[in-house]
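A.B. asks: One structure is given below, represented as structure tokens, and several questions about it will come after.
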Amino acid sequence: MGSGRFGEHGGQYIPETLMNEIHKLEEAYEKYKNDPEFTAELDKLNREYAGRPSLLYYAEKMTKALGGAKIYLKREDLNHTGSHKINNVLGQVLLAKRMGKTRVIAETGAGQHGVATATAAALLDMECEIYMGREDTVRQALNVYRMELLGAKVHSVESGTKTLKDAVNACMREWTARVDDTLYVLGSVMGPHPFPTIVRDFQSVISREAREQILEREGRLPDVVMACVGGGSNAMGSFYEFINDKEVRLIGCEAAGHGVDTDKTAATMAVGTKGIFHGMKSYFCQNEYGQIAPVYSISAGLDYPGVGPEHAYLKDIGRAEYVPVTDEEAVQAFEYIAREEGIIAAIESSHAVAHLMKIAPQMKKDQIIICTLSGRGDKDVAAIARYRGIDLHE
Amino acid sequence: MSKIYKAFEGKKAFIGFLTAGDPTLEKTEEFVLEMERAGAALVELGIPFSDPIADGPVIQEANIRALSAGCTTDKIFDTVSSIRRKTEIPLVFLAYLNTLYKYGYDAFCKRCQECGVDGVILPDLPFEERGELVPIARKYDVDIITMVAPTSKERIQKMAADATGFIYVVSSMGVTGARSEIKTDIKEMVRIIRNVTDTPVAVGFGINTKEQVHQFSELSDGAIVGSAIVQIIGRYGNEAGEKLYEYVSEMVSGLAK
């Protein structure tokens, strides 16, 4: 068995054409991840450019209104580019530069990872090309233009379901055609090893900070840490430093779309089965013959038929729980947190907020929840308006 | 030992690829027989997959056509059984690993043996991950074909030493599809392979002309053509049989002696 396993999940199921390159990436990452110069440069970018550490905000109004556990929000929405994606891309693009690459490619669903990659590429002088499913370029037209403003070339992916999984397919195909000068900056804790580990490490800054911040504020660990899960990068980053704190419940909230009992869903943990796809063994939404299912969610960022292998492992060993949240619940949460706390959270993050609204009232007042807001929701306003039957012209 | 070696016995091999179930499985059976009649030594049957990441647009579309027509792994096995009643031509599958994983490695390889499939090419199963499948496949005399790429370099030796059936040399970077020019030093790759094994070597990816068939069969033991064949099927659909016969005959005439 090859490397990069989380239990039976993970691995490197990719074309031979990419194997030497992926080994080079492994070596480069091993070399630089503890290199003082590299980590100092990344820390500096995180601090001075991305705006880290992100706030751990005590949502007092929500806490009172829901009448149960104390609610803290880890505000990744306040990062430069408006989501947690910047944590990963600064690390990966910096790594690409150290490897002597001059060009980065990336997939994007909602556009957040694409925007973040385009941003890091602009800052660090790299050529940048983004692959985005045609459906998503329509749902998130503003982000397409944003990436172009940042100097990236955006390819509209016309194959398959024209969403995130097809954008990943397109990126993998492009990478097999051109590896010498190009690094594929994968946006989530998925794909072949070493991506799930690299992305988790760069995203674990979320839980490293949150753990320190909550200990400082409350003098104790939280009872629950929760986040939304598509591929799972913000959730993995939010969970990672708490995994060894057995008393902390970890909850991932996935997109149920119209519901897990319908075929319009993207809730991989609820309806998926074990499979091998996009370079990894994990859980996938698929039929009895292993054809990957056309998934659906209102959220372009959670609209993915798989989940990162480390999440699959955390589920298998019972360390983390995964719950489905429907479009309707997420939209209600989107509206709720806007009115209650004055925060327009991403529709992705609103999936976590929706489940938070269910569990907080059932918990005791001296209990603590940390919920990660993975991104801000400006990009979603028009789509939410459409969902509510209002036609906005952006 | 599988029958694959027969394809290379005493001659260069022309290997034709088509996507099973495109446009229907009845036609797949007819097309395989047409290709054999035209002189193909081995036929690769692609098992359609929703997300064929190693394939270019031509084969992607064939996958969609086949899946839309209701093609499944079980129906393909039935078709192979039917083909086997008419011909002994070596047959291999080209599949993505999830198809086998979901079917069950053991159940899949067992069905291959029962129906007469001699090998499986898996573009998303690299050398490092072969261990979970190869011992099971061996139990049923199914060869898991090794793919060697232009970027394989120092990996070639260990991969070739482990190979059975034939070795698939990927001529170019990127995905499947016709190319006007192939720049990789195939001669050097074949030389390294020959140093460690007698397993036959065939070159694929991008080949679509008689001249390319000649060039690469001269450097190796055979040439593989996929997208160009699938394109003919895409264009002529149910009526593609005669065109396939003509095209494959021409390609076969290009084989080096």
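The values are calculated or read from the model by the stated rules, or taken from the named source; none is laboratory data. Nothing here was measured: the structure is a model prediction, and the numbers come from that model. Glycine also receives a Cβ, built like all others from the backbone with ideal geometry; neighbour counts cover every protein chain displayed.
A.B. asks: Is there any pair with a first residue in the stretch A:13-24 that is more than 7 Å from chain B (Cβ to nearest Cβ) and a second that is surrounded by fewer than 24 Cβ atoms within 10 Å (Cβ to Cβ) and in a helix (DSSP H, G or I) whose Cβ atoms are under 7 Å apart and which are 6 or more apart or on different chains, and what are they?
C.D. replies: Listed by first residue and then by second, the contacts come to A:LEU18/A:TRP175.
A.B. asks: Here's another thing I want to ask about it. Sort out for me the strands (runs of 3 or more DSSP E) sitting completely within the stretch A:236-313 that have 1 or more residues that are within 11 Å of chain B (Cβ to nearest Cβ). Walk me through it before giving the result.
C.D. replies: On the way: elements: A:249-257, A:273-277, A:279-284.
Result: A:273-277, A:279-284.
A.B. asks: Applying the selection to the stretch B:160-173, what residues are within 20 Å of B:LEU94 (Cα to Cα) and either more than 8 Å from every other protein chain (Cβ to nearest Cβ) or of a type in the set (Ser, Thr, Tyr) (or both)? Walk me through how you get there before you give the answer.
C.D. replies: Our first condition is that a residue be within 20 Å of B:LEU94 (Cα to Cα); within the stretch B:160-173, this holds for B:160, B:162-173.
The answer is B:ALA160, B:ASP162, B:ALA163, B:THR164, B:GLY165, B:PHE166, B:ILE167, B:TYR168, B:VAL169, B:SER171, B:SER172.
A.B. asks: Please verify whether the stretch B:121-133 includes one or more residues that are more than 12 Å from chain A (Cβ to nearest Cβ) and modelled with pLDDT of 95 or more. Outline the logic, then answer.
C.D. replies: Narrowing the stretch B:121-133 to residues more than 12 Å from chain A (Cβ to nearest Cβ): none.
For the stretch B:121-133, residues more than 12 Å from chain A (Cβ to nearest Cβ) and modelled with pLDDT of 95 or more: absent.
A.B. asks: Please list, ordered by residue number, the helices (runs of 4 or more DSSP H) wholly in the stretch B:1-120 having 3 or more residues that are within 14 Å of another protein chain (Cβ to nearest Cβ), hydroxyl-bearing (Ser, Thr, Tyr) and farther than 19 Å from B:LEU244 by Cα. So that I can check it myself, show each step before the final result.
C.D. replies: Numbers: elements: B:25-37, B:57-68, B:73-84, B:97-103, B:105-115.
By residue number, B:97-103.
A.B. asks: Scan the stretch A:268-294 for residues that are among the hydrophobic types (A, V, I, L, M, F, W, C) and in contact with a Leu (Cβ under 9 Å, 6 or more places away or on another chain) and jot them down. Explain how you work it out, then say what you get.
C.D. replies: Filtering the stretch A:268-294 for residues among the hydrophobic types (A, V, I, L, M, F, W, C) gives A:269-271, A:276-277, A:280, A:284-285, A:292-293.
Listed by number, the residues that qualify are A:ILE276, A:PHE277.
A.B. asks: Here is a list of conditions, (1) surrounded by fewer than 21 Cβ atoms within 10 Å (Cβ to Cβ); (2) hydrophobic (A, V, I, L, M, F, W, C); (3) in contact with a helix residue (DSSP H, G or I) (Cβ under 7 Å, 6 or more places away or on another chain), and A:ALA354 meets all of them except one; can you say which number that is?
C.D. replies: The single condition A:ALA354 does not satisfy is (1).
A.B. asks: Let me ask something else about it. Somewhere in the stretch A:361-369, is a residue in contact with a Leu (Cβ under 7 Å, 6 or more places away or on another chain), on the phi < 0 side of the Ramachandran plot, outside any loop (DSSP other than H, G, I, E, B) and surrounded by fewer than 20 Cβ atoms within 10 Å (Cβ to Cβ)?
C.D. replies: Taking the stretch A:361-369 as the starting set, the residues that turn out to be in contact with a Leu (Cβ under 7 Å, 6 or more places away or on another chain) are A:361, A:369.
Now drop any that are not on the phi < 0 side of the Ramachandran plot, which leaves A:361, A:369.
Applying the additional criterion that residues be outside any loop (DSSP other than H, G, I, E, B) yields A:361, A:369.
Adding the requirement that they be surrounded by fewer than 20 Cβ atoms within 10 Å (Cβ to Cβ) leaves A:361.
Yes, that holds for at least one residue.
A.B. asks: Which ones in the stretch A:314-323 are of a type in the set (A, V, I, L, M, F, W, C) and either in a helix (DSSP H, G or I) or modelled with pLDDT under 95 (or both)? Lay out the reasoning, then the answer.
C.D. replies: Of the residues in the stretch A:314-323, the ones of a type in the set (A, V, I, L, M, F, W, C) are A:314, A:317, A:320, A:323.
Answer for the stretch A:314-323, where residues must be of a type in the set (A, V, I, L, M, F, W, C) and either in a helix (DSSP H, G or I) or modelled with pLDDT under 95 (or both): just A:LEU314.
A.B. asks: Name every residue in the stretch A:135-184 that is under 21 Å from A:GLY232 (Cβ atoms), within 12 Å of chain B (Cβ to nearest Cβ) and among the acidic types (Asp, Glu), in order of residue number.
C.D. replies: Across the stretch A:135-184, the qualifying residue is only A:ASP166.
A.B. asks: What helices (runs of 4 or more DSSP H) completely inside the stretch B:160-257 contain at least 2 residues that are aromatic (Phe, Trp, Tyr)?
C.D. replies: Working: elements: B:186-196, B:210-219, B:227-236, B:240-253.
Correct list: B:240-253.
A.B. asks: Of all residues in the stretch A:172-185, count the ones that are under 19 Å from B:GLN60 (Cβ atoms), out of contact with any Leu (no Cβ under 9 Å at 6 or more places or on another chain) and among the polar types (S, T, N, Q).
C.D. replies: Total meeting the criteria: 0.
A.B. asks: Need the failing condition index for A:THR17 against (1) hydroxyl-bearing (Ser, Thr, Tyr); (2) part of a helix (DSSP H, G or I); (3) closer than 29 Å to A:VAL224 by Cα, just the number.
C.D. replies: So the condition that A:THR17 fails would be (3).
A.B. asks: I've got another one for you. Pairs needed: first member in the stretch A:43-72, among the β-branched types (Val, Ile, Thr); second member anywhere, assigned to a helix (DSSP H, G or I); C-beta distance under 9 Å; at least 6 residues apart or different chains.
C.D. replies: A:THR63/A:ALA360; A:ILE71/A:GLU60; A:ILE71/A:MET62; A:ILE71/A:THR63; A:ILE71/A:LEU356; A:ILE71/A:ALA360
A.B. asks: Same structure, new question: So, B:ARG85, is that one free of Cβ contacts under 8 Å to residues at least 40 places away in the same chain, crowded, with 20+ Cβ neighbours inside 10 Å and basic (Lys, Arg) or not?
C.D. replies: On the way: free of Cβ contacts under 8 Å to residues at least 40 places away in the same chain: yes; crowded, with 20+ Cβ neighbours inside 10 Å: no; basic (Lys, Arg): yes.
Here the answer is no, as B:ARG85 does not meet what is asked.
A.B. asks: Can you find a residue in the stretch A:52-61 that is surrounded by fewer than 19 Cβ atoms within 10 Å (Cβ to Cβ), in a helix (DSSP H, G or I) and away from chain B (no Cβ under 14 Å)?
C.D. replies: Yes, the stretch A:52-61 contains a residue that is surrounded by fewer than 19 Cβ atoms within 10 Å (Cβ to Cβ), in a helix (DSSP H, G or I) and away from chain B (no Cβ under 14 Å).
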